[in-house]
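Here's the structure we're looking at; comments come further down.
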2 protein chains.
Amino acid sequence: MFGFDDKIEFQKNNNDILTVGEILIDMISTEYGDNFESSTYNKLFGGSPSNIAMNVKKLGIHSLVASAVGKDGLGTFLINQLRNADIDTNCVQRTDYPTSLVVLTKSKSSPTPIFYRGADYHLAFTPVLEEYLINSKIVHFSCWPISMVPVRHSIEKVIEKARENHILIGFDPNYHPMIWQRGEDGIRYVKSIIGKVDIIKPSEDDAERLFGKDTHENQIRKFLELGAKLVIMTLGKEGAIVSNGIETVKYNALATDVVDTTGAGDAFWSGFYTAAIKGYTIRESLALGFAVSAYQLKYTGAIVDLPKLEVIKERYGL
Amino acid sequence: MFGFDDKIEFQKNNNDILTVGEILIDMISTEYGDNFESSTYNKLFGGSPSNIAMNVKKLGIHSLVASAVGKDGLGTFLINQLRNADIDTNCVQRTDYPTSLVVLTKSKSSPTPIFYRGADYHLAFTPVLEEYLINSKIVHFSCWPISMVPVRHSIEKVIEKARENHILIGFDPNYHPMIWQRGEDGIRYVKSIIGKVDIIKPSEDDAERLFGKDTHENQIRKFLELGAKLVIMTLGKEGAIVSNGIETVKYNALATDVVDTTGAGDAFWSGFYTAAIKGYTIRESLALGFAVSAYQLKYTGAIVDLPKLEVIKERYGL
């Protein structure tokens with residue numbers, strides 16, 4: 001039970017957050033367009049959990065990334081980016097598959113990216129990964145690694161070990177049929193995971209893809225019925241609704257100045273986790289998560305040069 | 001038997017060449033480097049057989065492309081490039097897999113590209129493909145489509161139907177372990193194909209990857225022993241050696257002005273096929289192939305604005 005005025009009790013482990021799953025190259029068009037007309041693309045560090053690991057480090061806590069890249073120059077580039085951010089890369093595995101890559105087109109209409117999955121779904125559950133996991137307070141993953149085998153089996157072991165060791169589990173149910181392995185009911189599998197995690201943060205679109213169209217209140221109820229303990233449903237410009245099954249709280253959007261929505265969800269997670277680790281209550285941590293997200297929205301790109309959490313707290317008068 | 005002073009007798013079919021296999025996006029770094037350090041990449045039309053189809057059209061004969069792309073913007077871009085070149089795209093299939101893509105780094109040391117294979121290896125042998133095939137004089141493919149299933153099964157049917165219908169088969173044995181499906185002996189499979197085709201054009205490096213290091217003469221003998229009928233072994237700056245098993249002819253390199261070697265092999269094939277279709281002897285067609293290759297070497301990129309074959313013939317005094 002996550003009481004809004006409670007602090008989360010973490011295990012006394014050395015590391016704060018371990019993110020498990022995709023690290024990848026984003027190839028983003030330099031020109032605006034809806035259908036990859038652009039002839040030039042910029043290569044950027046990407047992957048939602050890896051962005052969270054980068055963000056929380058800047059906000060002021062410790063993070064580790066467990067992921068897999070190829071034995072290629074793009075894999076080396078990603079590892080070097082983590083090292084430059086002073087993140088331990090012992091859990092980044094190098095595989096015989098190409099470093100995963102996503103081609104995106106800069107657009108105001110959010111066209112579907114093109115996914116090239118390689119190394120990311122070959123992450124193995126190794127003794128090193130297990131050791132880093134049981135030395136962490138929080139473990140976080142998204143739909144990517146559960147969408148394909150063999151990495152799904154690694155995530156299943158991560159969940160099992162995390163529960164045994166009372167490590168908080170955060171799950172981003174960013175389900176999209178495009179990433180799911182062919183011929184399988186991804187929705188059913190995502191639903192089967194929800195009861196095994198502690199905190200989930202669906203967007204309105206995620207909820208609709210999983211349950212079909214419905215009211216916000218009904219969507220939240222469905223997540224709770226599946227066993228979610230704290231549901232944070234984001235509504236874009238309309239803010240967010242958060243429920244622990246007993247109390248439901250509406251948050252208005254803090255952002256007044258939206259330049260680029262890329263990475264806004266990851267920024268929320270980053271602020272929320274950092275605040276919870278620093279000993280703020282859930283209510284305060286949620287507010288700080290939305291403040292970091294609002295800060296991020298003023299800049300372009302998934303990776304923004306975030307200041308320490310305390311600076312953002314001050315800036316938003318929290 | 002391909003006598004050097006003979007003309008190739010083709011079937012009286014409407015289309016000249018059908019290329020079967022990869023059509024893909026080349027993402028090439030804008031800056032030089034050996035390990036994908038460049039942060040900007042240009043999106044280009046690529047895939048060796050598709051380049052040949054584009055080239056022969058400019059040189060003055062008819063071509064068709066049988067290939068598979070994704071239902072995505074990059075697939076639409078490739079199809080539009082073919083249409084702009086006035087090439088029939090009825091044999092370009094759209095699949096649920098992402099359009100295949102290769103990331104390359106501009107370098108003088110030819111670092112290994114990173115291969116993202118998707119739609120290309122899902123090309124199906126359909127009634128439409130069969131109809132286009134039996135209406136062509138030449139069919140051409142490279143190692144890409146035989147390196148993975150299911151497209152390999154389509155190529156096996158293409159070979160069977162081409163032989164039944166006396167269509168000339170050209171094969172580029174550009175074997176590379178990086179493109180081959182895991183856990184299979186690609187070399188053994190490539191060798192098993194050689195006896196089923198008419199003309200092959202290995203580079204020195206291709207021969208070494210297939211047979212290990214040896215003299216040029218021995219390498220050519222090995223291809224002939226496997227059943228190749230005409231072997232064109234290219235030696236880079238040293239030209240080429242061609243053998244039909246009875247006669248062996250050395251060609252010196254025509255190129256005096258090498259700006260970029262990308263696509264030089266495809267340019268050779270394009271000139272050779274165009275000349276053979278236009279009724280030149282094999283000896284003349286080889287010379288014209290090397291002339292088109294020399295012309296291509298003066299420009300940057302796989303796709304060069306080639307003139308008609310007759311202009312190149314005149315230019316090189318053939």
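Plainly put, the tip 7 Å out from Cα toward Cβ on B:G227 is 5.7 nm from that tip on each other copy, the closest given first.
The residue among A:S293, A:H153, A:C143 whose Cα reaches farthest toward the positive pole of the charge dipole of the protein assembly as shown, with charges on the beta-carbon of Lys, Arg, Asp and Glu, is A:H153.
The stretch B:290-318 to the stretch A:70-122: how many Å between their Cα centroids? What the calculation gives is 40 Å, centre to centre.
Each Lys and Arg contributes +1 and each Asp and Glu -1, all at the Cβ; summed about the Cα centre of the protein assembly as shown, the dipole is approximately 120 debye. Partner aspartates and glutamates whose Cα lies under 17 Å from the Cα of A:K308, excluding those fewer than 8 positions away in the same chain, are identified as A:D16, A:D86, A:D266, A:E284. Take each residue in A:242-255, count the other chain C-beta atoms within 10 Å of its C-beta, and the mean is 0. Prolate is the label for the stretch A:191-318, because the ratio a/c of its alpha-carbon gyration tensor axes (a ≥ b ≥ c) is 1.5 or higher and a/b is greater than b/c. Here the 3J(HN,Hα) profile of the stretch B:6-11, calculated from phi with Karplus coefficients 6.51, -1.76 and 1.60 at θ = phi - 60°, is 9, 8, 6, 8, 9, 5 Hz, Gly and Pro shown as x. If I take all pairs of Cα atoms in the protein assembly as shown, what percentage of them are more than 38 Å from each other? So the portion of pairs separated by more than 38 Å is 41 percent. Give the calculated FRET efficiency between B:S192 and A:K7 to the nearest 0.05, with a Förster radius of 45 Å applied to their Cβ-Cβ distance. About 0.10, to the nearest 0.05. For the segment B:34-44, counting C-beta atoms of other chains within 10 Å of every residue's C-beta and taking the mean gives 5. On the beta carbon distance between B:E238 and A:D260, with R0 = 56 Å, the FRET formula returns roughly 0.55.
Taking all protein chains together and a 1.4 Å probe, the residues B:Y32, B:Y175, A:Y97 rank B:Y32, A:Y97, B:Y175 from largest to smallest accessible area.
Compute the Cα gyration tensor for the stretch B:48-102, then decide on rounded, prolate or oblate, letting a ≥ b ≥ c be the square roots of its eigenvalues: rounded whenever a/c is under 1.5, prolate when a/b is larger than b/c in the other cases, and oblate in all that remain. Verdict is prolate for the stretch B:48-102.
Annotation for B:T40, label-to-label distances across the other copies: 0.3 nm (shortest first, one decimal, point 7 Å from Cα along Cα→Cβ). Exceedance of the 26 Å cut-off in Cα-Cα distance is limited, within the set B:K229/B:K278; B:K43/B:K71; A:K7/A:K58; B:K43/B:K237; B:K12/B:K157, to B:K43/B:K237. Projecting the Cα atoms of A:Y280, A:T89, A:S48 onto the dipole axis of the stretch A:15-315, where Lys and Arg carry +1 and Asp and Glu carry -1 at the beta carbon, places A:Y280 farthest toward the positive end. Summary of the geometry: the stretch B:128-149 and the stretch B:215-237, compared by the centres of their Cα atoms, lie 23 Å apart.
Would you please give the FRET efficiency between A:T112 and B:N252, computed as 1/(1 + (r/R0)^6) with r the Cβ-Cβ distance and R0 = 51 Å, to the nearest 0.05? E between A:T112 and B:N252, to the nearest 0.05, is 0.45.
Listed values for the stretch B:286-302 are Karplus-derived 3J(HN,Hα) couplings in whole Hz (6.51 cos²θ - 1.76 cosθ + 1.60, θ = phi - 60°), namely 4, 4, 5, x, 5, 5, 5, 4, 4, 4, 4, 5, 7, 10, 9, x, 6, and x replaces Gly and Pro.
Rolling a 1.4 Å probe over the protein chains gives B:D96 an accessible area of about 100 Å².
Legend: residues B:M233, A:M178, sorted from most to least accessible area (1.4 Å probe; ligands, DNA and RNA excluded), read A:M178, B:M233.
Counting only residues at least eight positions apart within a chain, or on another chain, the aspartates and glutamates with an alpha carbon under 12 Å from that of A:K213 are A:E204, A:D205. What the phi angles of the stretch B:204-212 give under the Karplus curve with 6.51, -1.76 and 1.60, with θ = phi - 60°, is a coupling list of 3, 5, 4, 4, 5, 5, 7, 10, x Hz, glycine and proline written as x.
Beta bridges from DSSP with both residues in the stretch B:15-315: antiparallel share about 40 percent, rounded to the nearest 5. Sort chain A into rounded, prolate or oblate with this rule: let a ≥ b ≥ c be the square roots of the eigenvalues of the Cα gyration tensor; rounded if a/c is under 1.5, and if a/c is not under 1.5, prolate when a/b is larger than b/c, oblate otherwise. Rounded, because the longest to shortest axis ratio a/c is under 1.5. How large is the helix-only mean residue ellipticity at 222 nm for chain B, computed as the sum of -39500 (n - 2.57) over DSSP H runs with n ≥ 4, divided by its residue count, in deg cm²/dmol to the nearest 500? Here the helix-only value at 222 nm equals -10500 deg cm²/dmol. Dipole magnitude for the stretch B:179-297: computed about the Cα centre from +1 point charges on Lys and Arg Cβ and -1 point charges on Asp and Glu Cβ, it is near 320 debye.
Dipole check for the stretch A:15-315: with +1 at the C-beta of Lys and Arg, -1 at the C-beta of Asp and Glu, and the Cα centre as origin, the magnitude is about 280 Debye.
The values are calculated or read from the model by the stated rules, or taken from the named source; none is laboratory data. Given the structure is predicted, the values throughout are model-derived calculations rather than measurements. Neighbour counts run over all protein chains shown; Cβ positions are idealised from the backbone, glycine included. Surface accessibility is based on the protein's heavy atoms, side chains included, excluding ligands, DNA and RNA. Shrake-Rupley method; radii C 1.70, N 1.55, O 1.52, S 1.80 Å.
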